[in-house]
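For reference, the structure discussed in these notes is given below.
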Amino acid sequence: MRMSSNETSHQSLENVFHKIQGPSSNQLISHFQETVNDRLREMKGADDATKAKVKLEVYQEICNEVVLPNFFTRYMTEMIKDADHLFQFRKVFTSQLAANSLLQHAFALVERTPVRFVFCTKTGQMISQDFRFQYNQGLLDKHKVPFRLTRNIEELIGPFLLQGVFIPSFVSISSAMNDKRSIFEPMLHILLRDDIISWYTSKSNPRNDHKSRELEVQLSDRIWKNVGYVQERVEECSARLVEDASKEAISENPDPVDSKVRQLISVATNSDNLSLMSATFQAWL
């Protein structure tokens, strides 16, 4: 059990949606699942491509007909009347979101649902109440969508802060972590070791200290693979090293130094990918 204070300034994306639009998010989850199932039942024996097409159609219907594309922006505009203060909130929130998104991607976080997308309305700080990794046979397992950047979040940030704050913050944090990877490596090892041992023991009978040490030895290879997985993801999001700037400057299609982060944003905001996420992810928010 973990106890923490419940500040009134701490709001989740789900609470914001409920306050602006009213309907329960559970109703939308049920509506999505039932509508998809009804249409697939009518088709009889639909293949994976057809199922994906139906999910995309229902997802787009919810986006166009049910959920406002700007309820998050409307909520913050009501909360913060002053334009300067609102811009400062959005700027801090964007940089915080960049750091949080990097962690979501690098550690393969699970259950990135609206109720767990929590932020402070006073400071713009992101609050990670649940920080749990997704494992597949003891190895970190990547997601189809790297981090949560659904349309209402993207709309609140806007294109200027996305390009001018989110991407540079994402790349700068990644680069700083990658530069100090020798310092972070033992910390990562301890963090991932404790988590995977806890994950394994939660699925088996209680063990004594001797059995726990044996388990750690058995899992050593997987722990180091997970450490490498996180380091690799941080490294690929770092600023790309340009060996010959003058030569690249005159090339026809030079790759930006932050190309990997831009690619991740494209994946995270792609409707085809979002529609295939679990209904509890609520990609329409």
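The values are calculated or read from the model by the stated rules, or taken from the named source; none is laboratory data. Predicted, not measured: the structure shown is a model, and the values here were computed from it. Neighbour counts are summed over all protein chains in view; Cβ atoms, including those assigned to glycine, are modelled from backbone coordinates with ideal geometry. What goes into the accessible areas is simple: the full protein's heavy atoms, side chains included, and nothing from ligands, DNA or RNA. Shrake-Rupley method; radii C 1.70, N 1.55, O 1.52, S 1.80 Å.
Rounded, prolate or oblate: pick one for the chain, where a ≥ b ≥ c are the square roots of the eigenvalues of its C-alpha gyration tensor, a/c under 1.5 means rounded, and failing that, prolate if a/b is larger than b/c, else oblate. In terms of gyration-tensor shape, rounded. Legend: calculated FRET efficiency, residue 83 to residue 33, from the Cβ-Cβ distance at R0 = 35 Å, rounded to 0.05, equals 0.30. Looking at the square roots a ≥ b ≥ c of the eigenvalues of the Cα gyration tensor of segment 10-158, which shape do they give, rounded for a/c under 1.5, prolate if a/b is larger than b/c, or oblate? Note, shape of segment 10-158 comes out oblate. For residue 127, the residues whose modelled amide H falls within less than 5 Å of its own, excluding neighbours fewer than 5 places apart on the same chain, are 118, 119, 120. Label-to-label distance for residue 141 and residue 179 is 3.7 nm, based on points extended 7 Å past Cα in the beta-carbon direction. If a spin label sat at a point 7 angstrom from the Cα of residue 40 along the line to its beta carbon, the backbone N atoms of segment 51-87 nearer than 17 Å would be those of 51-60. Counting only protein heavy atoms and using a 1.4 Å probe, the accessible area of residue 241 comes to about 140 Å². For residue 91, the solvent-accessible surface with a 1.4 Å probe is about 90 Å², rounded to the nearest 10.
From its DSSP helices (H runs of at least four residues, each -39,500 (n - 2.57)), the chain gives a residue-normalised ellipticity at 222 nm of -19000 deg cm²/dmol. Report the full-extension gain for the segment residue 52 to residue 18: residue separation times 0.36 nm, less the Cα-Cα distance, to one decimal in nm. Gain on stretching residue 52 to residue 18: 9.4 nm. The lysines within cross-link reach of residue 51, meaning a Cα-to-Cα straight distance under 19 Å and a gap of 8 or more places when in the same chain, are 144.
Here residue 44 is the anchor, and the aspartates and glutamates within straight C-alpha reach of less than 18 Å, apart from those fewer than 8 places off in the same chain, are 34, 57.
Just the accessible area per residue of segment 1-159, please: how many Å² with a 1.4 Å probe? Don't jump to the answer; show the numbers that get you there.
Working: 8650 Å² over 159 residues.
I get 54 Å² per residue for this part.
Note on residue 235: accessible area is roughly 90 Å² with a 1.4 Å probe, heavy atoms of protein only.
Remark: spin-label model distance residue 259-residue 220 equals 3.9 nm, labels positioned 7 Å along the Cα→Cβ axis.
Of all lysines in the structure, the ones whose alpha carbon falls short of 19 Å from that of residue 91, not counting any fewer than 8 places away in one chain, are 81, 122.
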